[in-house]
Amino acid sequence: MTSTAAHVQIAPSVLAADFGRLAQQVADAEAAGADLIHVDVMDGRFVPNISFGEVVVDAIRSATSLPLNLHLMVHEPDRLLPGLVKGINDQVLVHAEACAHLHRTVGYIKEQGCQVGVAINPATPVSAVEEVLPDLDIVLVMTVNPGFGGQSFIPSALGKLRRLYRTISDNGYEVQLEVDGGVKADNTARDSVGAGAGILVAGTAIFNREQSVAEAMAALRDTVSGVSPGND
Ligand code: DX5
Ligand code: ZN
């Protein structure tokens, strides 16, 4: 427990952005103080939806100086990694459930000079990442079943976050915890940070018709101000 609140990183998910003016929306998020840009690649196989691939990822990378937090919801991502992993600033996240040889995939991403993360679905236990934990920069705990924006936060993910946070602290690993899905400027964000999350992904909470991106970012930032990861 610390007395000064650590900086919580906010990663707006462009899945909820207006794709007719994607570059502007990314620029708005950066101007509003986003720390990372969360980019959801979906293949229609690992998840039911198809979002976009390499060409659009390249366009997003060109529209910002922020690191991309690249969330690959694709089956056997090894096939697509060479085209998707280009910026050494990228943080590349693959799903444990989608990789037959997770250790090899993690190693490949590290060899490209990128930060590497592994995502786990709500029904996937912490043990799915334990053996590769020392190699990781990020573990992404999904707080919805992946595939769609605008779903409700699944509270049972908080227990998993706490267990991971404890394992990481006990072993002195340098791994950040990230949450994705249903995170808003309310208890979902506060409780996630309290349970150990240092990176919050937010799609519809940032890109919506009710607020500007700047207003939405400020509200989310305000909600977690003073809360340090793992402080609950
Ligand atoms: C869901 C995606 C999320 C999505 C989150 O499968 O991985 O990143 O954009 O959207 P919200 O914040 O609206 O739940
Ligand atoms: Zn995502």
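The values are calculated or read from the model by the stated rules, or taken from the named source; none is laboratory data. Just so you know, these numbers come straight off a predicted model, no measurement behind them. Note that we place each Cβ from the backbone using ideal geometry, even for glycine, and neighbour counts take in every protein chain shown. Keep in mind that these areas ignore ligands, DNA and RNA; they rest on the heavy atoms of the full protein, side chains included. Shrake-Rupley method; radii C 1.70, N 1.55, O 1.52, S 1.80 Å.
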From the helices alone, meaning DSSP H stretches of at least four residues, give me the mean residue ellipticity at 222 nm for the chain, per-run term -39500 (n - 2.57), in deg cm²/dmol to the nearest 500.
-9000 deg cm²/dmol
When the Cα atoms of the stretch 66-195 are enclosed in a convex hull and the volume is divided per residue, what value in Å³ results?
109
Computed over the Cα atoms of the stretch 76-134, what is the ratio Rg over Rh, Rh following Kirkwood?
0.95
Using mean Cβ contacts within 10 Å as the protection proxy, how do 153-161, 197-205 order, highest first?
197-205, 153-161
Signed unit charges on C-beta, dipole axis of the chain, positive-most listed residue Gly230, Val201, Asn187:
Asn187
Hey, can you grab everything whose amide H is under 5 Å from the amide H of Gln176? Only 5+ residues off in sequence or another chain; H modelled, so Pro and N-termini drop out.
Ile138, Val139
Interchain or long-range residues, amide H under 5 Å from Thr204's placed H:
Gly150
With +1 at each Lys and Arg Cβ and -1 at each Asp and Glu Cβ, the charge dipole magnitude of the chain around its Cα centre, to the nearest 20 debye, comes out at 200
From the C-alpha gyration tensor of the chain, pull out the three semi-axes of the equivalent ellipsoid (sqrt of 5λ each), sorted largest to smallest, in whole Å.
23, 23, 16
Excluding Gln91 itself, calculate the net charge of residues whose Cβ lies under 10 Å from the Cβ of Gln91, where each Lys or Arg counts +1 and each Asp or Glu counts -1.
-3
Output the Cα-based Rg and Dmax of the stretch 37-94 in Å, rounding Rg to one decimal and Dmax to a whole number.
10.6, 31
Can you send over the solvent-accessible area of Asp232, 1.4 Å probe, protein chains only, in Å² to the nearest 10?
100
Please turn the phi angles of the stretch 133-143 into ³J(HN,Hα) values with the Karplus equation 6.51 cos²θ - 1.76 cosθ + 1.60 (θ = phi - 60°), one per residue in order, whole Hz, x for glycine and proline.
3, x, 8, 9, 9, 9, 10, 9, 8, 5, 10
Evaluated at 10 °C with a viscosity of 1.306 mPa s, what Stokes-Einstein diffusion coefficient in µm²/s does the stretch 1-100 have when Rh comes from the Kirkwood expression over alpha-carbon pairs?
111
Excluding residues fewer than 8 positions from Lys184 in its own chain, the lysines with Cα under 24 Å of it are Lys160
Per-residue HN-Hα couplings for the stretch 6-18, Karplus 6.51 cos²θ - 1.76 cosθ + 1.60 at θ = phi - 60°, whole Hz, x for Gly and Pro?
6, 6, 8, 8, 10, 10, x, 9, 6, 4, 8, 6, 7
